[in-house]
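First comes the structure, then the notes that go with it.
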Amino acid sequence: MQTVSVTLPNQSYDVLIERGLLDQTGALVAKLWSPRRIALVSDDNVAPLYQERVAKTLEQAGFEVHCYDFPAGEASKSLTVLADLARKMAAAAFNRDDGVIALGGGVTGDLAGLLAATYMRGIRFIQIPTSLLAQVDSSVGGKTAVDLDTIKNIIGAFYEPDLVIIDPDTLQTLKQRDLIEGYGEIVKTASLEGGDFWKLIETIDSPADLLTHSPELSARSIGYKAKVVMADETESGTRQLLNFGHTLGHAVEALADGDLRHGEAVSIGMLALMQVFEDAGLSETGITAALKDRLAAVDLPTTSPLLTSPLVLDKVKNDKKNRHGHLNLVYLKALGEPEIKSIPTEEISTFLHLPEA
């Protein structure tokens, strides 16, 4: 078993990575939690695959399990679905001594995490991510949130889990597109760290390679993210580096209205941004091509006609990372050498070559 430890001022937890770990859930949770009610939350894609199996291990360990599910998809990251889950917990008499376990992908982790953070002002929480995107990124770091209309993750909280359980075997049931999208975040993280991590992804040339190397990809991605989060839990400084590719990525993701997955949008956002910085002479020549080569190797999209829409500028200007009239853009001087450049809001369209309405 691989273990990545996350140590923060008010919370410490382990990320456990091993094939077959799902069937050990009850025993692992029992090491941390005394018997209690557990809200086991999944979307309606994951629930038929794993919810009963995980619930059984928890019940065998002495927990009272209530299984809840919701419609799969980004649209469920809403206050409406959050309130519906809270009503079900209240009806089942959940109290502050009980807990929530997120079993699923990034949407489930974000939604169930915010549920745990806000129900009775906070109850215990565990993540069991089942998608590659969630296993390498969103399950670690404590970000929980729902969307408001087309504004992603605008209502949320930093709320760390007590434990993260990663079983790479759950990736076997993903559709290929769902598997591949997680690689956008892996390439992002590997390019930020450089070194041996980048050398590892240079060996990934197909979706099948993702399945083969998923334990190591998860461990390396989480290891880097944990290091950054431990230095800056609430994103006031260096944690902003993890937003590489997200400013333009979130913009095209929102405009795609469900036709682009998050990892696909990050792929597009990274390349569009890096081309700007490379053309400006601020990044090493050829770095954009190197990123594109790694993303295209598993058929991630590398551009989008949405980048030429006048609506992109409005999305970028209203990005939640826009602070005090400036937008901090993360770029790479070279592989493993991330930098942050602060751009005044009124100069964004010119700097990023974005069309104005």
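The values are calculated or read from the model by the stated rules, or taken from the named source; none is laboratory data. Note that the structure is predicted; figures quoted are calculated from it, not measured. Neighbour counts are summed over all protein chains in view; Cβ atoms, including those assigned to glycine, are modelled from backbone coordinates with ideal geometry.
Restricting attention to the range 229-238, the residues that are touching a residue at least 40 places away in the same chain (Cβ under 8 Å) and either more than 20 Å from A157 (Cα to Cα) or in a helix (DSSP H, G or I) (or both) total 2. For the range 273-316, filtering for residues that are touching a strand residue (DSSP E or B) at 6+ places or on another chain (Cβ under 8 Å) and part of a loop (DSSP other than H, G, I, E, B) leaves 3.
For the range 24-70, taking the residues that are charged (D, E, K, R), in contact (Cβ under 8 Å) with a residue 40 or more places away in the chain and not in a loop (DSSP other than H, G, I, E, B), the one that is nearest to G223 (Cα to Cα) is identified as D43. Checked against the criterion of being exposed (fewer than 14 other Cβ atoms within 10 Å of the Cβ) and under 24 Å from Y224 (Cα atoms), the candidates A272, A289 yield just one match: A289.
The requirement of being modelled with pLDDT of 95 or more, surrounded by fewer than 18 Cβ atoms within 10 Å (Cβ to Cβ) and either under 18 Å from F94 (Cβ atoms) or outside the structural domain of L114 (by TED's automatic domain parsing) (or both) is not satisfied by E52. Quick one: would you say Q176 is touching a helix residue (DSSP H, G or I) at 6+ places or on another chain (Cβ under 8 Å), of a type in the set (S, T, N, Q), closer than 27 Å to T302 by Cα and touching a residue at least 60 places away in the same chain (Cβ under 8 Å)? No.
Filter the range 246-260 for residues that are over 24 Å from I287 (Cα atoms) and touching a Lys or Arg at 6+ places or on another chain (Cβ under 9 Å); which is surrounded by the most Cβ atoms within 10 Å (Cβ to Cβ)? The extreme case among them is A254. Go through the range 123-153 and give me each residue that's under 17 Å from S76 (Cα atoms), part of a strand (DSSP E or B) and aliphatic (A, V, I, L, M). Listed by number, the residues that qualify are A145, V146, L148, I151. All of L79, L58, L32 fail the test of being surrounded by 15 or more Cβ atoms within 10 Å (Cβ to Cβ) and modelled with pLDDT of 95 or more, apart from L58. Restrict the check to the range 164-175 and report whether at least one residue is within 27 Å of Q275 (Cβ to Cβ) and either assigned by TED's automatic domain parsing to the domain that holds V29 or buried (at least 20 other Cβ atoms within 10 Å of the Cβ) (or both). No, because not a single residue in the range 164-175 is within 27 Å of Q275 (Cβ to Cβ) and either assigned by TED's automatic domain parsing to the domain that holds V29 or buried (at least 20 other Cβ atoms within 10 Å of the Cβ) (or both). Scanning the range 12-23 for residues being surrounded by 16 or more Cβ atoms within 10 Å (Cβ to Cβ) and assigned to a helix (DSSP H, G or I) gives a total of 2.
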